[in-house]
There are 2 protein chains.
Amino acid sequence: MQGEDSSGAAELQFSVDRSSPVPLYFQLSQQLEAAIEQGRLAPGSLLGNEIDLAGRLGLSRPTVRQAIQSLVDKGLLVRRRGVGTQVVHSQVKRPLELSSLYDDLEAAGQRPATRVLRNTTEPATAEVAAALGLAEGTDVVLIERLRLAHGEPMAHLCNWLPAGLFTLDSAELEGTGLYRLMRAAGITLHSARQAVGARAATAEEGEELGEPEGAPVLTMERTTFDDTGRAVEFGSHIYRASRYAFEFQLLVRP
Amino acid sequence: MQGEDSSGAAELQFSVDRSSPVPLYFQLSQQLEAAIEQGRLAPGSLLGNEIDLAGRLGLSRPTVRQAIQSLVDKGLLVRRRGVGTQVVHSQVKRPLELSSLYDDLEAAGQRPATRVLRNTTEPATAEVAAALGLAEGTDVVLIERLRLAHGEPMAHLCNWLPAGLFTLDSAELEGTGLYRLMRAAGITLHSARQAVGARAATAEEGEELGEPEGAPVLTMERTTFDDTGRAVEFGSHIYRASRYAFEFQLLVRP
DNA sequence: CCCCGCCGTTTGTCCGGACAACCGAACTTC
DNA sequence: GAAGTTCGGTTGTCCGGACAAACGGCGGGG
């Protein structure tokens, strides 16, 4: 038995700034998250009861609970009635965000690059129209890109967006991901429907990706919606299975 | 302009049972969710302000807020300060749960079946030991299964569990999924780390799945943790790409 | 020695109120 | 007519308190 494991955060110093416009519960949750991240709050250690914590910080219990709850939702803390709140043992990293491949590669230390093959406006095919909830033949923007890492092709990306949603500059697309541009344009992404599968590459696809014909490729189709429910993007992507796999963490809803 | 779209849930009837052990906020959130599911609350319609809703139900505003917040977390509602709470327009289905293939197939109307090929205890290989956080050579349970739908092979599943975690009956495994059994045994699943990729099937794998050698297959590796942080399961799965794809919905964290 | 119930601790739920921040629309002003 | 301003309505944040429910350890009884 190590007493440390249970002593927890009693001696940890947290503080809030009431003059800040940042909500108090958010200030606290950020400090707690940072302490967990840096190991100052050891996995398995108890956080100390909410009443005392509130008292030490000069906050009310609901505010402290709100801060804790946000970290529980992130999977960093676990609450047990009659026991207390403790830091989870496992290494929780990132619970599957809606991030672009560009950000993924950049975070992994790869040097991503993009080659824009097409950036045009076309009438929507039946499949694209159905995915975006538009009438067939409506004008949509088609973006075809090749994503590279360390100069090697990684994926072939086709995206369709409703025309007029916002202007897409090819130069900007070379330097960052699509989602970053959409967020910057004031579009609030809300949810996405995805399908991940696999198939054999056609000769043309193999050519583009540097794989032989018939090589296995990962496929992903995704429709993204904003918070008004409009479909704002439909993508059909192909990844080199020999060089890429989707990695993510998911949490279980209690 | 249709007034209906904004009139919202004013005339909808909700009620709570204070003698029930089910929390009041949960009763309300279930009724709201059912109303949305059945279309009684139209997409885009406003929910009516929280104060009135609380008054009509004889609840306090925090309780109503808690009910609404749980549906916001599920992606069914969107709140806008100064505007109100409205039902999202898009069809939100299921935000990617940690569910077994068995449940997925059953929900899709396929008739799943399982053939248990192996159910033994063996010393852990280096790979399995690393995934489960055990010492190499520690005894682990190995379960090898073939999953069928409509009598056709769909996937080949290999799972390793720490020995002694709970007893696995082959007969039970034929009738349901692994996660359901684990939950029934009192193990609270907390999070999982997954990797989804693709490759060509070996001759042996093709034989088992009814695919030619070299056919593309989807691969998934998954390590599942309980809420104490222990790894409770490691799985290495292969799916017929011609017959199966992962479909899921994901929400954007605000 | 083992099982069972008691009891303190801690989180879960719920209340009622207060003020701030924000949005949209009506209004005023130029 | 257009732009800026005010104002009502709604959600966001925060407080202090109260009781209930679950867990774990303790002691008593078999």
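The values are calculated or read from the model by the stated rules, or taken from the named source; none is laboratory data. These figures come from a predicted structure and were not determined experimentally. Cβ coordinates were reconstructed from backbone atoms using ideal geometry, including for glycine residues, and neighbour counts include every protein chain displayed.
Key figures
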quantity: Single residue of segment A:91-113 satisfying the filter (of a type in the set (D, E, K, R) and within 21 Å of residue A:239 (Cα to Cα)) that is modelled with the lowest pLDDT; calculated: A:97
quantity: Residue B:75 being surrounded by fewer than 19 Cβ atoms within 10 Å (Cβ to Cβ) and at pLDDT below 95; calculated: no
quantity: Qualifying residues in segment B:182-241 (those that are under 16 Å from the mean Cα position of the chain (by Cα) and among the hydroxyl-bearing types (Ser, Thr, Tyr)) - the one modelled with the lowest pLDDT; calculated: B:188
quantity: Test: residue in segment A:165-173 that is surrounded by fewer than 20 Cβ atoms within 10 Å (Cβ to Cβ), under 27 Å from residue B:251 (Cβ atoms) and touching a residue at least 60 places away in the same chain (Cβ under 8 Å); calculated: yes
quantity: Any hit, segment A:129-142, residues being surrounded by 17 or more Cβ atoms within 10 Å (Cβ to Cβ), among the acidic types (Asp, Glu) and either modelled with pLDDT of 95 or more or in contact with a strand residue (DSSP E or B) (Cβ under 9 Å, 6 or more places away or on another chain) (or both); calculated: no
quantity: Members of segment B:28-74 that are more than 12 Å from DNA strand C (Cβ to nearest atom), within 13 Å of chain A (Cβ to nearest Cβ), more than 15 Å from residue B:14 (Cβ to Cβ) and not aliphatic (A, V, I, L, M); calculated: B:43, B:44, B:73, B:74
quantity: In segment B:198-212, residue nearest to residue A:196 (Cα to Cα) [restricted to those that are free of Cβ contacts under 8 Å to residues at least 24 places away in the same chain and within 7 Å of chain A (Cβ to nearest Cβ)]; calculated: B:199
quantity: Criterion: surrounded by 21 or more Cβ atoms within 10 Å (Cβ to Cβ) and more than 20 Å from residue A:178 (Cβ to Cβ) - qualifying residue of A:245, A:241; calculated: A:241
quantity: Number of the condition not met by residue A:124 [criteria: (1) modelled with pLDDT under 95; (2) closer than 30 Å to residue A:172 by Cα]; calculated: (1)
quantity: Residue within segment A:184-196 that is surrounded by 15 or more Cβ atoms within 10 Å (Cβ to Cβ), at the interface with chain B (Cβ under 9 Å from one of its Cβ atoms) and among the small types (Gly, Ala, Ser) present; calculated: yes
quantity: Where a residue in segment A:142-160 is over 16 Å from residue A:240 (Cβ atoms) and its partner, wherever it lies, is surrounded by fewer than 21 Cβ atoms within 10 Å (Cβ to Cβ) and among the acidic types (Asp, Glu), with Cβ under 9 Å and at least six apart; calculated: A:142/A:122; A:159/A:144; A:160/A:122
quantity: Residues being crowded, with 16+ Cβ neighbours inside 10 Å and among the acidic types (Asp, Glu) - total across segment B:11-50; calculated: 2
quantity: Residue in segment B:239-254 that is more than 24 Å from residue A:192 (Cα to Cα) and within 12 Å of chain A (Cβ to nearest Cβ) present; calculated: yes
quantity: Segment B:213-229, residues that are facing another protein chain (nearest Cβ under 7 Å) and under 26 Å from residue A:84 (Cα atoms); calculated: B:225, B:227, B:228, B:229
quantity: Odd one out for residue A:156 among (1) within 21 Å of the chain's Cα centre (by Cα); (2) exposed (fewer than 15 other Cβ atoms within 10 Å of the Cβ); (3) more than 14 Å from every other protein chain (Cβ to nearest Cβ); calculated: (2)
quantity: Scan of segment B:59-86 for residues that are more than 10 Å from DNA strand D (Cβ to nearest atom) and either touching a helix residue (DSSP H, G or I) at 6+ places or on another chain (Cβ under 7 Å) or not small (Gly, Ala, Ser) (or both), ordered by number; calculated: B:59, B:63, B:66, B:67, B:70, B:71, B:73, B:74, B:76
quantity: Evaluation of residue A:15 against (1) at pLDDT 95 or above; (2) over 30 Å from residue A:246 (Cα atoms); (3) more than 16 Å from DNA strand C (Cβ to nearest atom) (one fails), failing number; calculated: (1)
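Yes/no matrix, rows are residues, columns are (1) at pLDDT 95 or above; (2) not in a loop (DSSP other than H, G, I, E, B):
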position	(1), (2)
B:10	no, no
B:25	yes, yes
B:29	yes, yes
B:36	no, yes
B:52	no, yes
B:55	no, yes
B:89	no, no
